[in-house]
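Only one structure is covered here, and it is reproduced in the block below.
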Amino acid sequence: MGRRSSADMWGRPLYLERRAGLPDMGVSASGPPPLTGAAVDAIFACDDPKALAELKAYAHSYLGTGGAVVGGLALTAFWAVLGRRGLAAATALGTGAAGLAVMEARRLSRQWEAAADARLAQLGSST
């Protein structure tokens, strides 16, 4: 059995299949790339509300990375209950790092969502 790519694990964004000219956010467990002016221009040039809604949904899916924090908290509590203070401290530090990574992924993904929201609102007001 071959190695799975991150695209297999996380799924390709559906909006790209619509060929609506939207930028590729990429497939990454660590979050989307920073939003660029060119990406915003492409989003605002898109007239396909379904593709925009799919882009927004894909950006919002990065909230799922928060599971790393929940798992880290549970593991920290597990080690603490067992009296393994060193392991509890280590997992608490790891959980803090995961929390920072989740916050950054959400910060970036919210920028993509906001651009899609603004374009969808603009399209809605023009109909």
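For the range 44-124, trypsin sites (Lys or Arg not before Pro) meeting the loop criterion (DSSP other than H, G, I, E, B) and having at most 15 other Cβ atoms within 10 Å: R84. GNM on the chain, alpha-carbon springs under 10 angstrom: the most fluctuating residue among L75, L55, L63 is L75.
Run lengths n ≥ 4 of DSSP H only: what is the helix-derived mean residue ellipticity at 222 nm for the chain, with -39500 (n - 2.57) per run over all residues, to the nearest 500? Present the calculation step by step, with values, prior to reporting the outcome.
Working: 5 runs with 82 residues, N = 127.
Calculated at 222 nm, the ellipticity per residue is -21500 deg cm²/dmol.
For the chain, with every protein chain kept in place, what is the accessible area per residue (1.4 Å probe, Å²)? Intermediate values should be presented prior to the final figure.
Numbers: 7640 Å² over 127 residues.
Spelled out: the 1.4 Å probe surface of the chain, per residue, equals 60 Å².
Note on A97 and S28: the extension gain reaches 23.1 nm, defined as 0.36 nm multiplied by sequence separation minus the Cα-Cα distance.
Residue-wise HN-Hα couplings along the range 19-27, as the Karplus relation 6.51 cos²θ - 1.76 cosθ + 1.60 with θ = phi - 60° gives them from phi, are 6, 8, x, 7, x, 7, 6, x, 10 Hz; Gly and Pro carry x. Each listed q (0.20 Å⁻¹) maps to a log10 I(q)/I(0) for the range 68-111, found by the Debye formula over equal Cα scatterers with no solvent: -0.57.
Remark: the range 91-102, residue by residue, has Karplus-estimated 3J(HN,Hα) of 5, 5, 5, x, 5, x, 5, 4, x, 5, 5, 5 Hz, where x stands for each Gly or Pro and the curve is 6.51 cos²θ - 1.76 cosθ + 1.60 at θ = phi - 60°. Taken along its three principal axes, the alpha carbon spread of the chain comes to 62, 39, 22 Å, from the longest extent down to the shortest. Sorting E104, E113 by solvent-accessible area of protein heavy atoms yields E104, E113, largest first, with a 1.4 Å probe.
In the chain, Cα pairs under 8 Å separated by at least six residues give a relative contact order of 29 percent.
The values are calculated or read from the model by the stated rules, or taken from the named source; none is laboratory data. Predicted, not measured: the structure shown is a model, and the values here were computed from it. Here the Cβ is made from the backbone with ideal geometry for all residues, glycine too, and neighbour counts use every protein chain on show. Only protein heavy atoms, including side chains, enter the accessible area calculation; ligands, DNA and RNA are left aside. Shrake-Rupley method; radii C 1.70, N 1.55, O 1.52, S 1.80 Å.
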